[in-house]
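Report on one structure; see the data block that follows.
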Amino acid sequence: MPAKSKKQQAFMGAELARKRAGQSTQTDMSAPQLEEFAATKTKGLPEKVGKPKPKGRQSKPGQKAKFIDTTLNKRKF
């Protein structure tokens, strides 16, 4: 499985170097799996892949939802 970003490719390369040095790694991947990720060419890859944005209209954390009270706009004559 190829890396999806330049940061992921660099991280997997560092993990592979740690594994070859006999140090503990942050992932539980085998050396061949790490080699596959680290061998990915970086040309054309994005620098970083973020979380997918949710679809639809959602408020940001800490923001109150906007509510328009339509009863105040109607005048009784």
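If you go through the stretch 32-44 and keep only what is touching a Pro at 6+ places or on another chain (Cβ under 9 Å) and surrounded by 15 or more Cβ atoms within 10 Å (Cβ to Cβ), you end up with 36, 37, 40. A single entry from 29, 12 fulfils the requirement of being of a type outside the set (S, T, N, Q), part of a loop (DSSP other than H, G, I, E, B), surrounded by 10 or more Cβ atoms within 10 Å (Cβ to Cβ) and modelled with pLDDT of 90 or more: 29.
Taking each residue of the stretch 15-30 that is closer than 19 Å to residue 1 by Cβ and looking for partners that are surrounded by 11 or more Cβ atoms within 10 Å (Cβ to Cβ) and among the basic types (Lys, Arg) with beta-carbon atoms closer than 7 Å, six or more apart or interchain, yields 25/18; 25/19.
The values are calculated or read from the model by the stated rules, or taken from the named source; none is laboratory data. Please read all numbers here as calculations on a predicted model, not as lab measurements. Counting neighbours? That spans all protein chains shown, and the Cβs are built from the backbone with ideal geometry, glycine included.
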